[in-house]
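Report on the structure given below.
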Amino acid sequence: MEPLEHTKIIATVGPATNTVDAVRALIRAGADCCRVNFSHGDGNALGPMMETVREASRLENRPVAILADIQGPKLRIGAMPRGGALLVEGSRFTLTRREVEGTDEMAQAVHERLAEDVEPGARILLADGAIELEVESISGGDVTCVVRTGGRLFSHKGLNLPGRKVSVETLTEKDRRDLAYLAGTDVDLVAISFVRSAADLRLARELLSTSRPIPIIAKLERPEALSNLEEILDASDGIMVARGDLGVELPFEQVPVLQKKILGRAAERGKWAVVATQMLASMVVARRPSRAEASDVLNAVLDGADAVMLSEETAVGENPALAVRAMDALTRAAEENAPAHASFESFGEKRSFASGAAGAAVLAADRLSARAIVTLAGSGLTPLDVSKWRPRLPIVALSSTPGTLRRLQLLRGVRPVSIPHHSDIEQQLAHADRFLLDAGWAAVGDVLVVVAAIPLGEGRETNTIRFHRVRAPGAANTIWPSSR
């Protein structure tokens, strides 16, 4: 029997996984989506990596989504000595906008307005919060600090100003060039970093404007984003709880609670939801995750994430495929303890035909002991609605569009199945029957619940539920009533 997966896995590709064979190993280990991080290059540098993912997907005969992650206004320090610089507690350390090679006493801050954004007494965090500075004085473009928590500082590490507004645009000039490049590719989803408001996402959509819609994921990394969460959910197709910078900008003890609240709202609003950063960080070098990491993955699944993401673990780690296999095992174990499906009460604000049909289909499938829920070909919105009810049985999503099939890979519980163009209802059901029989997920005579927007191909919202028994290949067709 083919194994059933629910929570999806995003694997970041990088120096450790930049060959077709390496990406194929990630896919075989359980990766459903590959993230390409535009913090480390532009289209010229990363375009070949996207082509590598497509070739690996073709050879594995499995749709794999590509998520392009736009850099955003990530503040960093400049170049440091090869072995880093040692900042000692109680010593003074200067951040300057001048382009200098760092020392134990000074480093470049790649943020032209740092001196305007801080004042004496302000905190500055470096290297994801590992090093803490307190501003002592400001002179021109130089900010002199006292080291409160020391450590070794390496080139291009992050710089955070917790609790302060940063005077930079969310979409930098580099981001704008990258979005213009991506608009001409077949990328499946784009993540926008350091989103602060819905206006950031509207601008990103304008820059991504193409003949085909490209879903946008809002990365929640700034406190302002949490204050504007509802408008960001309105303007996005999904959200990513990016806990690296969020955990630096806010007290660390708040992050787990915020994660639960954000994922809950994403589910209620019918949006994609991803949890990212340091999920299996020890596996950059280790061959097994820590027990704390195992608990973290379990909680992300129970909190309602559609997908969990690996970053350094697969981009530069020593055992990329092993990290994916570990994540796959952890998500499967977590799903065994997940609720059977979402409660109707949690979706009280959603009163559309689509949401009502999806919820009714999940409950009907439970009552009838159905083997699967099948969504007929369309835009991909029907499987999204069904997925948000978190059924434990598979959601077989039929589509003839390669881009839709790839994006569906990122929805929890959804298995996309390719069908020929212009398949009618009976042909689609025959494909679903054949897939379920071949996968070992159903036998002839088993019940399926079918959800669709009828008439097919007219872009209507989900409005129809039908019940169907799995047929042997070539068996007589079920008669569907015509739609009026």
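Per-structure values
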read-out	value
Residue list for the stretch 268-306, filter: within 19 Å of Ser193 (Cβ to Cβ), among the small types (Gly, Ala, Ser) and touching a Gly at 6+ places or on another chain (Cβ under 9 Å)	Ala273, Ala276
Among (1) open to solvent by less than 10 Å² (accessible area, probe 1.4 Å); (2) in contact (Cβ under 8 Å) with a residue 40 or more places away in the chain - the single one Pro383 does not satisfy	(2)
Considering residues of the stretch 323-349 that are open to solvent by 50 Å² or more (accessible area, probe 1.4 Å) and modelled with pLDDT under 75 only, the residue nearest to Thr375 (Cα to Cα)	His341
Helices (runs of 4 or more DSSP H) wholly inside the stretch 376-484 containing at least 3 residues that are modelled with pLDDT under 90 and within 18 Å of Ala361 (Cα to Cα)	381-387
Answer residue from the stretch 119-137, given it is part of a loop (DSSP other than H, G, I, E, B) and in contact (Cβ under 8 Å) with a residue 60 or more places away in the chain and is surrounded by the fewest Cβ atoms within 10 Å (Cβ to Cβ) among those	Asp128
Positions within the stretch 267-304 being out of contact with any Leu (no Cβ under 7 Å at 6 or more places or on another chain) and closer than 19 Å to Leu410 by Cα, in sequence order	Ala267, Glu268, Val274, Val275, Ala276, Thr277, Asn299, Ala300, Val301, Leu302
Subset of the stretch 430-473 (residues that are charged (D, E, K, R) and open to solvent by 20 Å² or more (accessible area, probe 1.4 Å))	Arg434, Asp438, Asp446, Glu458, Arg460, Glu461, Arg466, Arg469, Arg471
Unique residue being surrounded by fewer than 20 Cβ atoms within 10 Å (Cβ to Cβ), within 21 Å of the chain's Cα centre (by Cα) and either closer than 30 Å to Gly150 by Cα or not hydrophobic (A, V, I, L, M, F, W, C) (or both) when the list is Gly43, Gly78, Gly83, Gly90	Gly43
Filter result for Arg98 (of a type outside the set (A, V, I, L, M, F, W, C) and part of a strand (DSSP E or B))	no
Hits in the stretch 146-184 - residues which are of a type outside the set (A, V, I, L, M, F, W, C), assigned to a loop (DSSP other than H, G, I, E, B) and at pLDDT below 95	Ser155, His156, Lys157, Pro162, Gly163, Arg164, Lys165, Ser167, Glu169, Thr170, Thr172, Gly184
Subset of the stretch 3-21 (residues that are of a type in the set (A, V, I, L, M, F, W, C), in contact with a strand residue (DSSP E or B) (Cβ under 9 Å, 6 or more places away or on another chain) and modelled with pLDDT of 95 or more)	Ile9, Ile10, Ala11, Val13
Single match in Arg196, Arg202 (criterion: under 15 Å from Thr170 (Cα atoms), in a loop (DSSP other than H, G, I, E, B), open to solvent by 20 Å² or more (accessible area, probe 1.4 Å) and at pLDDT 90 or above)	Arg196
Contacts under 9 angstrom Cβ, first residue in the stretch 55-76 being outside any strand (DSSP E or B), partner small (Gly, Ala, Ser) and open to solvent by 40 Å² or more (accessible area, probe 1.4 Å), 6 or more apart	Pro63/Ser418
Options Leu229, Leu250, Leu233; residue that is open to solvent by 20 Å² or more (accessible area, probe 1.4 Å) and farther than 27 Å from Ala281 by Cα	Leu229
Helices (runs of 4 or more DSSP H) lying entirely in the stretch 231-319 (those with 1 or more residues that are on the phi > 0 side of the Ramachandran plot)	none
Residue satisfying all of: in the stretch 209-226; among the basic types (Lys, Arg) and part of a loop (DSSP other than H, G, I, E, B); most open to solvent (accessible area, probe 1.4 Å) among these	Arg212
Test: residue in the stretch 102-118 that is at positive phi and open to solvent by 10 Å² or more (accessible area, probe 1.4 Å)	no
Which numbered condition Ile9 fails, given (1) open to solvent by less than 50 Å² (accessible area, probe 1.4 Å); (2) within 28 Å of Gly151 (Cβ to Cβ); (3) touching a residue at least 60 places away in the same chain (Cβ under 8 Å)	(2)
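Residue by residue, here is whether (1) touching an Asp or Glu at 6+ places or on another chain (Cβ under 6 Å); (2) surrounded by 21 or more Cβ atoms within 10 Å (Cβ to Cβ); (3) among the charged types (D, E, K, R) holds:
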site: Ser139; (1), (2), (3): no, no, no
site: Thr144; (1), (2), (3): yes, no, no
site: Arg148; (1), (2), (3): yes, no, yes
site: His156; (1), (2), (3): no, no, no
site: Ser167; (1), (2), (3): yes, no, no
site: Glu173; (1), (2), (3): no, no, yes
site: Arg176; (1), (2), (3): no, no, yes
site: Val190; (1), (2), (3): no, yes, no
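The values are calculated or read from the model by the stated rules, or taken from the named source; none is laboratory data. Fair warning: this is a prediction, and the values are worked out from it, not measured in the lab. When we count neighbours, we look across all protein chains shown, and the Cβ atoms used for this are built from the backbone with ideal geometry, even at glycine. The area values use the complete protein model at the heavy-atom level, side chains included, leaving out ligands, DNA and RNA. Shrake-Rupley method; radii C 1.70, N 1.55, O 1.52, S 1.80 Å.
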